[in-house]
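See below for the structure under consideration.
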Amino acid sequence: MKRAALLIALALPLSGCGLQPLYSGGGKGAAASTLSTVSVSPIEGRAGWLVRNAIVDRIGDKGSAARYRLDIKLDDQIEGFGIRADRTTSRERRTLRARYQLIDTGADKTVIDATAGSDIGIDVVNSEYATIAAEQTALERLSDTIADQIVTRIALYTRKNGKTP
């Protein structure tokens with residue numbers, strides 16, 4: 001009996017915490033409705049191609065019929081920071097930053113102007129092929145991370161405002 005009373009007492013504060021699912025309402029909810037009306041503009045370079053495809057995989061792409069346009073500019077940097085005794089680099093950091101704008105095409109108004117970014121460490125080994133492969137894998141992972149951040153922030157913005165932006 002005491003155990004049941006304790007469980008009930010612990011569960012009561014959780015019911016009032018205010019947490020709600022981001023995609024409540026499924027495909028008809030505010031977040032999903034907004035994301036389904038976004039067109040992603042082409043982005044320069046290999047990193048841009050990866051980021052755009054990752055976002056399109058998550059939300060689809062409505063093309064010219066979209067209500068919103070997502071414009072993204074990327075900054076992709078690789079910096080060496082570990083030095084061996086023979087003065088060669090032993091470690092690199094790849095950083096991918098994105099400045100993105102969600103534009104309401106009907107009103108020609110920017111509704112979101114924000115940044116997203118991430119970085120990843122890369123070991124530089126004696127095999128040049130292995131290092132290049134590690135750099136490419138890092139870029140693919142960073143592209144997925146950036147895409148997740150952008151899609152989540154658009155959905156959070158929608159959720160915060162209670163309607164499409």
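The values are calculated or read from the model by the stated rules, or taken from the named source; none is laboratory data. Remember, predicted model here, so these are calculated numbers, not experimental data. Every residue, glycine as well, gets a Cβ built from its backbone with ideal geometry; the counts of neighbours run over all protein chains shown.
Going by what's in this entry, would Asp75 be described as exposed (fewer than 13 other Cβ atoms within 10 Å of the Cβ), modelled with pLDDT under 90, farther than 20 Å from Ser36 by Cβ and among the charged types (D, E, K, R)?
Working: exposed (fewer than 13 other Cβ atoms within 10 Å of the Cβ): yes; modelled with pLDDT under 90: no; farther than 20 Å from Ser36 by Cβ: yes; among the charged types (D, E, K, R): yes.
The answer is no for Asp75.
Reported count of residues in segment 100-151, each being over 19 Å from Arg84 (Cα atoms), of a type outside the set (A, V, I, L, M, F, W, C) and in contact with a helix residue (DSSP H, G or I) (Cβ under 8 Å, 6 or more places away or on another chain), is 8.
Anything in segment 105-132 that is assigned to a helix (DSSP H, G or I) and surrounded by 12 or more Cβ atoms within 10 Å (Cβ to Cβ)? List them, or say none.
The first filter runs over segment 105-132 and keeps only residues assigned to a helix (DSSP H, G or I), leaving 128-132.
Within segment 105-132, Ala130, Thr131 meet the criteria.
Of the set (1) touching a residue at least 24 places away in the same chain (Cβ under 8 Å); (2) closer than 15 Å to Leu35 by Cα; (3) not aromatic (Phe, Trp, Tyr), all apply to Arg52 but (1). Restricting attention to segment 78-98, the residues that are aliphatic (A, V, I, L, M), over 17 Å from Ser41 (Cβ atoms) and either exposed (fewer than 11 other Cβ atoms within 10 Å of the Cβ) or touching a Gly at 6+ places or on another chain (Cβ under 8 Å) (or both) total 2.
Looking at Leu50, Leu22 in this structure, which one is at pLDDT below 65 and in contact with a helix residue (DSSP H, G or I) (Cβ under 6 Å, 6 or more places away or on another chain)?
Details: Leu50 fails: at pLDDT below 65.
Checking each option against the conditions leaves just Leu22.
Checking the condition in contact (Cβ under 8 Å) with a residue 24 or more places away in the chain and in a strand (DSSP E or B), which residue from Leu139, Leu96 passes? Give the derivation first.
Numbers: Leu139 fails: in a strand (DSSP E or B).
Among Leu139, Leu96, only Leu96 is in contact (Cβ under 8 Å) with a residue 24 or more places away in the chain and in a strand (DSSP E or B).
Whether any residue in segment 39-51 is assigned to a strand (DSSP E or B) and out of contact with any Gly (no Cβ under 8 Å at 6 or more places or on another chain) is what I want to check. Yes: segment 39-51 contains one or more residues that are assigned to a strand (DSSP E or B) and out of contact with any Gly (no Cβ under 8 Å at 6 or more places or on another chain).
Evaluate the following for Ile55: is it at pLDDT 70 or above, in a loop (DSSP other than H, G, I, E, B) and out of contact with any Cys (no Cβ under 8 Å at 6 or more places or on another chain)?
Values: at pLDDT 70 or above: yes; in a loop (DSSP other than H, G, I, E, B): no; out of contact with any Cys (no Cβ under 8 Å at 6 or more places or on another chain): yes.
It is false that Ile55 is at pLDDT 70 or above, in a loop (DSSP other than H, G, I, E, B) and out of contact with any Cys (no Cβ under 8 Å at 6 or more places or on another chain).
Given the options Thr164, Thr145, name the one that is surrounded by 16 or more Cβ atoms within 10 Å (Cβ to Cβ), out of contact with any His (no Cβ under 8 Å at 6 or more places or on another chain) and modelled with pLDDT under 90.
Details: Thr145 fails: modelled with pLDDT under 90.
That would be Thr164, the only listed residue that is surrounded by 16 or more Cβ atoms within 10 Å (Cβ to Cβ), out of contact with any His (no Cβ under 8 Å at 6 or more places or on another chain) and modelled with pLDDT under 90.
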